[in-house]
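Below is one structure; the comments refer to it alone.
The values are calculated or read from the model by the stated rules, or taken from the named source; none is laboratory data. Everything quoted here is computed from the prediction, not taken from an experiment. Glycine also receives a Cβ, built like all others from the backbone with ideal geometry; neighbour counts cover every protein chain displayed.
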Amino acid sequence: MTFEHIKESLADKTVGIAGAGGLGSNCAMALARSGVGNLIIVDFDVIDFSNLNRQYYFYHQLGKKKVLALKENVQKVYPNINVTALAVRLEAHHISSVFKDCDVIVEAFDQKETKEMIIETVMDEMPEKPLVVGSGMAGWGKNSLLKTEQSGNLYVCGDQIHEVSDDMPPLAPRVGIVAMMQANQVLEILLGEM
């Protein structure tokens, strides 16, 4: 399949991304560059200097809402991509309405509680929707531990071991690898296996 055929196949697809930090911002850029035509990105946070070590933002964007800056960055690459940027805190009661039109949902939250909330809500209320999550990307090295595991419509990317802590911070290489694994898994869901 040529890149033109891939872009044609993905042009009418919609991917929802819950979180616009290290996983979400990098995954969104990879999906945009691959030809996904519609992105729904949800995050309430603003860009802080500490985010620049692993998130797809720039110094001049400090203080901006992440979703608005990410929309701007995506559309600098491909102006015709339809990006819906929702600067809200995602709560369990409106996950279904926000992502109802998505072909695939990507979980890209930092905190364990919010990860659990979206997984439980999507699995309970939208079990037919593929959900691609990230778990275990902190630190550096140990590439051989990074993998994707599937259980029904749930895909978990990462090593599921190295969670973020003060002694094990999220760094660009591992966060970026897991974000790319998520984007790659989304493409496999949307396009099928090679």
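Taking the numbered list (1) surrounded by fewer than 19 Cβ atoms within 10 Å (Cβ to Cβ); (2) within 29 Å of F58 (Cα to Cα); (3) modelled with pLDDT of 95 or more in turn, K142 passes all entries but (3). Of all residues in region 33-65, those satisfying the criterion of being in contact with a helix residue (DSSP H, G or I) (Cβ under 7 Å, 6 or more places away or on another chain) and either buried (at least 23 other Cβ atoms within 10 Å of the Cβ) or part of a strand (DSSP E or B) (or both) are V36, L39, I40, I41, V42, D43, V46, I47, Q55, Y56. Could you give me the residue pairs with C-beta distances under 7 Å whose first residue belongs to region 64-75 and is without any contact (Cβ under 8 Å) to a residue 12 or more places away in the chain, whose second residue is surrounded by fewer than 24 Cβ atoms within 10 Å (Cβ to Cβ) wherever it lies, and which are 6+ apart or on separate chains? What qualifies is Q75/I81; Q75/V83. Residues satisfying the criterion are present in region 12-20 (criterion: within 14 Å of L190 (Cα to Cα), in a strand (DSSP E or B) and among the aliphatic types (A, V, I, L, M)). Of all the criteria given as (1) among the polar types (S, T, N, Q); (2) exposed (fewer than 12 other Cβ atoms within 10 Å of the Cβ); (3) within 17 Å of G19 (Cβ to Cβ), the one not satisfied by S151 is (3). Can you find a residue that is in contact with a helix residue (DSSP H, G or I) (Cβ under 7 Å, 6 or more places away or on another chain), free of Cβ contacts under 8 Å to residues at least 40 places away in the same chain, hydroxyl-bearing (S, T, Y) and assigned to a helix (DSSP H, G or I) anywhere in region 97-120? No.
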